[in-house]
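**Q** I am attaching a structure below and will ask some questions about it afterwards.
The values are calculated or read from the model by the stated rules, or taken from the named source; none is laboratory data. Note that this is a predicted model, so its numbers are computed, not measured. No Cβ is skipped: glycine too gets one built from the backbone with ideal geometry, and neighbour counts run over all protein chains shown. Keep in mind that these areas ignore ligands, DNA and RNA; they rest on the heavy atoms of the full protein, side chains included. Shrake-Rupley method; radii C 1.70, N 1.55, O 1.52, S 1.80 Å.
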Amino acid sequence: MDTYNNLIYEKTSDIGVVTINRPKSLNALNSETLREINALFTSIANDSSVKVVIIRGSGEKAFVAGADITEMQAMSAIEARIFSKLGQTAFEKIEKLPQPVIAAINGFALGGGCELAMACDIRIATEKSKFGQPEVLLGVTPGFAGTQRLPRLIGKGNAKELLFVGDMIDAKEAFRIGLINKIVPVEELIDIAMAMAGKIATRAPLAVQLCKAGVNEGLNVDLASATAYEAEIFGLCFSTSDQKEGMSAFIEKREPAFQCK
Ligand code: CO8
């Protein structure tokens with residue numbers, strides 16, 4: 001298995017758990033970490049034994065407290081643009097990963113950390129988590145697609161408020177505006193994320209992946225094109241043995257045994 005300086009990757013049966021591991025800087029994302037995310041998610045995409053991925057931060061304080069300000073401070077405009085593209089590419093790998101990705105958030109999810117969470121499919125957060133896009137306090141805009149994913153997730157008005165004011169919000173407010181799916185107690189975060197991942201992993205994997213593609217692709221096009229795409233992926237399901245197994249199991253009143261085929 002590949003080794004990473006800033007990530008820990010563990011596989012528990014069919015669930016992959018990725019830990020962003022720079023706790024001394026609250027898991028801030030430097031270029032090396034972004035390159036490692038890109039490489040790791042490229043390899044997970046090709047590992048059909050992984051059905052669901054969980055991303056979390058190491059330590060007690062943060063999911064990810066943003067892009068690494070120490071590294072960004074002295075960047076030229078060209079270097080900043082390259083850094084922005086690097087983060088956007090890494091996060092796009094997560095968003096477009098065939099398998100679903102759950103962000104398990106405890107503590108700060110700020111700037112690039114909030115952007116990382118938004119690139120995931122589902123966000124579960126502890127009650128002590130804090131979210132925000134504080135870039136305007138540093139004289140910059142978000143650069144890892146925050147200006148784009150935030151309004152798509154929580155609407156234009158809520159997104160603009162978070163982006164313009166730059167304040168942190170707590171988990172309750174994040175839940176209210178739809179930034180996160182669930183609030184859970186700190187000590188139960190990983191168990192709840194693993195339980196959700198485990199349940200998804202028992203579903204027909206290709207159907208789950210096509211659901212992800214359907215939502216993601218559909219939101220980028222008009223409704224007629226999106227529904228046409230849905231008909232295509234629905235039809236595609238009928239070329240899989242898992243569709244035959246799922247429907248036979250229902251009719252035979254037994255649990256399905258999906259094979260990701
Ligand atoms: N980058 C680098 N180091 C960081 C970061 C960060 N984003 N966040 C925290 N750290 C470091 C601190 O410097 C500190 O290091 P040290 O111990 O060496 O002094 C260590 O982590 C612990 O942090 P604090 O002592 O500050 O811990 P507190 O509990 O007092 O505060 C906070 C926690 C509130 C999270 C505070 O650390 C903070 O405000 N951090 C910065 C949050 C922020 O502004 N994030 C957004 C960054 S900008 C961004 O993400 C833009 C993304 C797109 C960029 C595209 C660019 C081209």
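**Q** Has the range 108-124 got any residue that is touching a residue at least 12 places away in the same chain (Cβ under 8 Å), over 13 Å from the mean Cα position of the chain (by Cα) and more than 8 Å from the ligand (Cβ to nearest atom)?
**A** no
**Q** Take the range 54-94 and flag every residue that is touching a residue at least 12 places away in the same chain (Cβ under 8 Å), of a type in the set (G, A, S) and more than 8 Å from the ligand (Cβ to nearest atom).
**A** Within the range 54-94, G57, S58, G59, A90 meet the criteria.
**Q** Determine whether the range 61-77 contains at least one residue that is among the polar types (S, T, N, Q), modelled with pLDDT of 95 or more and surrounded by 13 or more Cβ atoms within 10 Å (Cβ to Cβ).
**A** no
**Q** Hey, can you tell me all the residues within the range 9-29 that are at pLDDT below 95 and of a type in the set (G, A, S)?
**A** Correct list: S13 only.
**Q** Answer with yes or no whether I15 is open to solvent by less than 40 Å² (accessible area, probe 1.4 Å), aliphatic (A, V, I, L, M) and within 30 Å of F258 (Cβ to Cβ).
**A** Yes: the conditions hold for I15.
**Q** Still on this structure, I have one more. Out of A249, A226, A171, A231, report the one residue that is within 30 Å of R56 (Cβ to Cβ) and small (G, A, S).
**A** Checking each option against the conditions leaves just A171.
**Q** Going by what's in this entry, would S43 be described as open to solvent by 20 Å² or more (accessible area, probe 1.4 Å), assigned to a loop (DSSP other than H, G, I, E, B) and not acidic (D, E)?
**A** no
**Q** Restricting the search to the range 97-135, which residues are farther than 18 Å from L29 by Cα, open to solvent by 10 Å² or more (accessible area, probe 1.4 Å) and aliphatic (A, V, I, L, M)?
**A** The one that is farther than 18 Å from L29 by Cα, open to solvent by 10 Å² or more (accessible area, probe 1.4 Å) and aliphatic (A, V, I, L, M): I122.
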